[in-house]
Amino acid sequence: MDTLDNRSCAYGLRHQVHLLTFDEDALDIRTTIYDHDHEIWDISASKESPDLFFTCYKRVLENKKIESKATLWRMAPNTPTDPNGLSEPQHHQSRGHLEEVLSLDVGDGTVKKVVWQDNTEVISVEDWRICLWDIDIKQGKAKLTGTIEAPDRRYKFASAVLNPHAQEVVAIYGRSIHGWDLSSLKTTFALIDATPAMILCIDYNPNKPFQLATGSDDCKLRIWDVHHGAKKPIMVIQDHTHWVWDVAYNKFHDQLVLTSSSDCQVNLQSIVSVSTGADYRFDDQYGGEDDMDEDSDRVVSAEGSHSGDHADRTSFDRASPEPQPDVPTDGLVQTYEQHEDSVYQVAWSTVDPWLFMSLSYDGRAVMNQVPREEKFRIIMN
């Protein structure tokens, strides 16, 4: 999703990029199609310029070798899709073309994704290294400014995310989670073999420092607090039946977390007890932080649909008030089952806190909303 409109980039089936523009008033989606010469593995849109985005892709050279590339594109003005010579676009579709701005020299490695810091700095995630780049969009140039090597050569980097609260990048590889300071390139924390399963995706809580969410191939979503070097997650949720491929915090209400899986489902979870919303409510109920014991740690665990190996979902050093029916609680809010293939990506709108989109392997992009009941629970509390 871009930052200026209800828009999303989706992958096409014939090496295309589809720009989807959602008209909330008309409940209508308009599509702009851009041809892309090679198979796309990832798309990353600029936070500041809605017409700029990176694609990570692979192309076959004349000698049959496969080359991995990361290229910055600019979306050029649209022209109507008009096979019959009509003046109006057919089925709300139009065509545009892509202008190449620059490419990152990633060498022989496979580039997994590009993470934007701003319009002058980006980070590329490759198999065995993370690279920091200064980019000059006007000049069409990119300069390598720093490199972070994979700590364990047995495992490739799977993904990385920027810490929105500090100059830090956090990456996942194998079963481990690792953070680095972007200025010194020194380790900030390391959770080695943090899970028994391979970690596939990661996101950083946009509103709460030190909190991360990961998904793995044991079907589980885990929430982490890395502030004090904790080695175990503060919450574990298993509501999928296959690998969790993507996880995304809601940027406005961090108690809402999306996950997507190769079980063809998208799950909307409420993790209110470990969110910023819980901090505010806990302070109101108990008189603020001054009245709390320093050692009163809270650990929440959920298995399946709020049942499983952990009998006590929440433990406090003092009794918790009885839950109220109209107050948000932890749990599975809704499962979305419109996909017929593995769902590899989910994304929240950056302008509408209740709108999100999911993308599956077969190229289907589905737009959904947070259920009205959950929306009002959050607004009223």
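The values are calculated or read from the model by the stated rules, or taken from the named source; none is laboratory data. Keep in mind it's a predicted model, so treat the numbers as computed, not measured. Positions of Cβ are generated from backbone atoms using ideal geometry, with glycine treated the same way; all protein chains shown enter the neighbour counts.
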Looking only at the range 204-236, which residues are of a type in the set (D, E, K, R), out of contact with any Gly (no Cβ under 9 Å at 6 or more places or on another chain) and in a strand (DSSP E or B)?
ASP225
Restricting the range 30-47 to residues that are part of a loop (DSSP other than H, G, I, E, B) and either modelled with pLDDT of 95 or more or farther than 13 Å from VAL122 by Cβ (or both), the one nearest to the chain's Cα centre (by Cα) turns out to be SER46
Subset tally (residues that are without any contact (Cβ under 8 Å) to a residue 24 or more places away in the chain and under 23 Å from the mean Cα position of the chain (by Cα)) for the range 94-120:
1
Only one of ALA230, ALA248 is modelled with pLDDT under 95, at negative phi and not hydroxyl-bearing (Ser, Thr, Tyr); which?
ALA230
Of the residues in the range 228-266 that are basic (Lys, Arg) and closer than 21 Å to ILE192 by Cα, the one that is surrounded by the fewest Cβ atoms within 10 Å (Cβ to Cβ) is LYS231
